[in-house]
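Down below is the structure, laid out as structure tokens.
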Amino acid sequence: MGSLGRRKSTFKQVTMAAGSMNARRLTKAIIDLPEEKDSSTPKPKVRLENTYKMKPDEETVFSSCKVETEVDKLLHDHLDDVTYDSKLCGNLCRDLSQHIRNKIKNMDFPRYKIICNVFIGQCMDQGLEVASRCLWDDKVDNCASVSYKNKSIFCIALIHGAFLE
């Protein structure tokens, strides 16, 4: 009977500890409540019904040559006077990827999902191979790749346009 008493006391200690943790979490949640939203915040997007279009319109097909020219201009604008710094290049990859993605979204390729990868490295006479694999429909999906190089850095941008059915 002594062992049963021990089991109960141990069980009570565990539940009390868990209860105190829940109380601590509750107080933290009350303190960190978000502020009320402004009435000027935009309303959520309206979801439209499916159109069941299996192919894009001919004038809105993802054009890799248009994308490559725009991305090439963007890379020259952002990277002409940049020297390699390992700490800077991580943030630069993320920012360039976002700029490229926004630029392509504004080029009016409706119903296309835009995927953008940017690689930046230091020029030190090394070799680099970049490859990508994905499952897609080769009739409507397409990709573009742009490379840039100056005295200090090289940059490779891969842009995929996948049609959303």
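Values in this text are rule-based calculations from the coordinates and carry no lab data. The model shown is predicted, which means the values in this text are computed figures rather than measured ones. Here Cβ is always computed from backbone atoms with ideal geometry, including for glycine, and neighbour counts include all displayed protein chains.
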Quiz item: What does the charge dipole of region 58-163 about its Cα centre add up to, to the nearest 20 debye, if the Cβ of each Lys and Arg holds +1 and the Cβ of each Asp and Glu holds -1?
Solution: 300 debye
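Using r as the Cβ-Cβ distance of residue 51 and residue 80, and R0 as 45 Å, what FRET efficiency do you calculate, to the nearest 0.05? Display every interim value, and only then the final one.
Working: r = 43 Å, r/R0 = 0.95.
Efficiency computed from Cβ-Cβ geometry: 0.55.
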Quiz item: In nm, to one decimal, how far is the modelled label at residue 64 from the one at residue 131, with both set 7 Å along Cα→Cβ?
Solution: 1.7 nm
